[in-house]
1. Could you list, in sequence order, the residues of region 242-258 that are modelled with pLDDT of 95 or more and either of a type in the set (Val, Ile, Thr) or open to solvent by less than 90 Å² (accessible area, probe 1.4 Å) (or both)?
2. Could you check how many residues of region 149-180 are open to solvent by less than 60 Å² (accessible area, probe 1.4 Å), free of Cβ contacts under 8 Å to residues at least 40 places away in the same chain and part of a loop (DSSP other than H, G, I, E, B)?
3. Give me a count of the residues in region 187-224 that are within 25 Å of LEU52 (Cα to Cα) and not small (Gly, Ala, Ser).
4. Considering only region 113-133, I want to know if a residue exists there that is modelled with pLDDT under 95, assigned to a loop (DSSP other than H, G, I, E, B) and open to solvent by 20 Å² or more (accessible area, probe 1.4 Å).
5. Need pairs with beta-carbon distance below 7 Å; first residue closer than 24 Å to SER128 by Cα and among the aromatic types (Phe, Trp, Tyr) and within region 48-65, second assigned to a strand (DSSP E or B) and open to solvent by 70 Å² or more (accessible area, probe 1.4 Å); sequence gap 6+ or separate chains.
6. So which residues in region 59-106 are within 28 Å of VAL169 (Cβ to Cβ), charged (D, E, K, R) and not in a loop (DSSP other than H, G, I, E, B), if there are any at all?
7. Mind checking which residues of region 181-205 are β-branched (Val, Ile, Thr), open to solvent by less than 40 Å² (accessible area, probe 1.4 Å) and either modelled with pLDDT under 95 or in contact with a Leu (Cβ under 8 Å, 6 or more places away or on another chain) (or both)?
Amino acid sequence: MYNAYTTFEVQIHHIRDVAINMKKSIIVLITLLLTTFTYCQNEFVVTAGNGLFLRQEPNSQGKKIGKLYFGAEVNIIEKTENSQTIIDNGEKITGNWVKISFKNFPTFISNAESGYVFDGYLKQKKESIEEIKNEIAKYPEFDKLTINTKITPFYLKGDFFGYKENDIVVLLKNSDGETKIGFINKGIETKIYILGNQNDPFNMRDYSWIGIFKKVNKGEVLWSNYEDDFVDFKDVPENKKVKLNYNSLYMHASESCGGGFVFWKDGKFNWLQQE
């Protein structure tokens, strides 16, 4: 015999089970969102132009155990209570000593898995992204291009054209996922250059192979270590060495041969191979 009460009771139990499962799912989702939000809040990038020392103790006398390059991404895992102000090239920098964790790949930082840095030279990653977004939005040449944050660092600052200005170099991507390199030359007159377009001086359309992307300090010697075969630095003729009084770029694949120095000279971009 058909039992309406039993059927109704089964439906009630089913609805209750569905509600319980939905509640559990919502709790899990909220937990994941809070975890992601907290993690993002702790993601920072190094803003010190010449890099930032990693120390064993939270003070300026602490033993140096490594150095983080500009744009390196770190996570803050502990913050000291007392803030302090330091003077750097006449500029006041206020912050706290913080304990950080980081990844060595693709650029080696330290044998340690964590250490202390002064967070006056750190900026939240999301703030850095917004800052660069706002900067490239000023120039129509960057229309239809977005920041490629998958490569670390995704931007660099320095004097790349010899005008003693703080130029910007940004890794970008188009709708096809191809990586381009955008230069904002803030010299006498702001000029935009994009490597990876049809007029690329190195006949490249996609720079997605980049794993290591660094600013080279002025005065460092640039050279090619491959011409038909590998060449040791000691065997490079003096007339093939390049020494600039402004910055250049070093870009290389992460785990394989292939890369080089890129620099501006004589009104054009130049390349020196580094295998």
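The values are calculated or read from the model by the stated rules, or taken from the named source; none is laboratory data. For clarity, every value in this text was computed on a predicted model and none was experimentally measured. Heads up, the Cβs are rebuilt from the backbone with ideal geometry, glycines too, and the neighbour counts pull from every protein chain shown. The accessibility values were calculated without ligands, DNA or RNA, using every heavy atom of the protein model including side chains. Shrake-Rupley method; radii C 1.70, N 1.55, O 1.52, S 1.80 Å.
1. If the condition is that a residue be modelled with pLDDT of 95 or more and either of a type in the set (Val, Ile, Thr) or open to solvent by less than 90 Å² (accessible area, probe 1.4 Å) (or both), then VAL242, LEU244, TYR246, ASN247, SER248, LEU249, TYR250, MET251, HIS252 are the ones that fit.
2. Here the count works out to 4.
3. Going through region 187-224, the residues within 25 Å of LEU52 (Cα to Cα) turn out to be 210-222.
Then keep just the ones that are not small (Gly, Ala, Ser); that gives 210, 212-218, 220-222.
The qualifying residues number 11.
4. yes
5. From region 48-65, the pairs are PHE53/LYS64; PHE53/LYS67.
6. LYS64, LYS67, GLU73, ASP88, GLU91, LYS92
7. Just the residues of region 181-205 that are β-branched (Val, Ile, Thr), to begin with: 181, 184, 188, 190, 192, 194.
Right, trim to open to solvent by less than 40 Å² (accessible area, probe 1.4 Å) and you get 181, 184, 192, 194.
Hits for region 181-205 are ILE181, ILE194.
Rundown of residues vs (1) within 30 Å of LEU249 (Cβ to Cβ); (2) out of contact with any Pro (no Cβ under 8 Å at 6 or more places or on another chain); (3) at pLDDT below 95, yes/no style:
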residue: MET1; (1), (2), (3): no, yes, yes
residue: LEU33; (1), (2), (3): no, yes, yes
residue: CYS40; (1), (2), (3): yes, yes, yes
residue: PHE53; (1), (2), (3): yes, yes, no
residue: PRO106; (1), (2), (3): yes, yes, yes
